[in-house]
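Below is one structure, written out as structure tokens; comments come after it.
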Amino acid sequence: MRRKLVAGNWKMHGSLAENDALLSGVLAGMGSLRAGVAVCVPFPFLAQVQAKLTGSAIAWGAQNLSQHAKGAYTGEVSATMLKDFGCAYVIVGHSERRALYGESDAVVAEKFAAALAAGLIPILCVGETLEEREGGVTEAVVGRQLDAVVAKSGVAALAKAVVAYEPVWAIGTGKTASPEQAQAVHAFIRGKVRALDAAVAEGLIIQYGGSMKPGNAAELLGQPDIDGGLIGGAALNAEEFLAICRAG
Ligand code: PGA
């Protein structure tokens with residue numbers, strides 16, 4: 001049985017004071033949860049979450065990293081720097097990075113490899129746009145995004161990673177994939193991995209992301225191949241985030 005993982009993706013939100021209140025609220029309400037819990041925060045807040053969450057049941061991570069180990073890359077942050085701040089996770093290939101910052105499948109694959117090399121657990125985001133879904137190429141797109149990573153790092157690398165299926169049309173839009181729509185893509189992803197390595201496929205955590213909320217979390221998380229959530233908007237509210245964690 002896979003343990004579910006609920007991770008907050010704060011995106012470019014927060015301040016030291018707001019984060020303090022948010023994290024205190026989440027810590028106070030954690031109780032004993034079945035699901036694992038993590039928050040992925042902007043780089044400047046890593047010291048704060050490390051100080052506040054060390055010794056707690058909440059893991060933390062970043063939302064991006066450089067594919068390079070070190071060097072003349074002004075403004076970039078390496079995997080080992082994230083490791084220094086106690087990160088367990090790093091989001092790789094979020095659709096906003098792919099669409100707004102031109103991250104290709106090849107770059108995403110390099111970032112994934114860089115994260116693994118430093119001992120971080122990459123949360124690899126995959127997902128189709130509305131146009132792609134309507135054009136009937138959802139599986140082709142998600143398959144291609146996954147293939148790029150497997151070609152570079154090998155299928156065994158997925159044993160040390162998380163995959164997040166995030167349909168682009170559902171992110172921050174209030175439109176959620178139906179449990180059936182999400183389950184179908186999750187089953188496709190697991191099936192694709194199973195064809196290469198059955199044990200890796202069975203252990204692989206595949207999160208759903210895209211307008212997951214307290215009201216739809218239980219139904220989504222109840223699907224056989226949905227193993228958690230990557231939560232944007234609702235992760236900025238302690239009660240909403242906790243309600244999703246409890247549904248897991
Ligand atoms: P959302 O974002 O929950 O606000 O839709 C999810 C994500 O982009 O990771």
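The values are calculated or read from the model by the stated rules, or taken from the named source; none is laboratory data. Being a predicted model, the structure only gives us computed values, none of them experimental. Heads up, the Cβs are rebuilt from the backbone with ideal geometry, glycines too, and the neighbour counts pull from every protein chain shown. Surface areas here come from the heavy atoms of the whole protein model, side chains and all, with no ligands, DNA or RNA. Shrake-Rupley method; radii C 1.70, N 1.55, O 1.52, S 1.80 Å.
Annotations
- Residue pairs whose Cβ atoms lie under 8 Å apart, sitting 6 or more positions apart in sequence or on different chains, and linking a residue in region 66-93 that is more than 18 Å from VAL107 (Cα to Cα) to a partner that is among the β-branched types (Val, Ile, Thr) and open to solvent by 80 Å² or more (accessible area, probe 1.4 Å), are GLY86/THR54.
- Members of region 200-224 that are more than 16 Å from the ligand (Cβ to nearest atom) and either aromatic (Phe, Trp, Tyr) or under 15 Å from GLY127 (Cβ atoms) (or both): none
- Any chance ALA156 is open to solvent by 20 Å² or more (accessible area, probe 1.4 Å), within 15 Å of ILE226 (Cα to Cα) and in a helix (DSSP H, G or I): no
- Lone unmet requirement of (1) within 11 Å of the ligand (Cβ to nearest atom); (2) open to solvent by 30 Å² or more (accessible area, probe 1.4 Å) for ASP197: (1)
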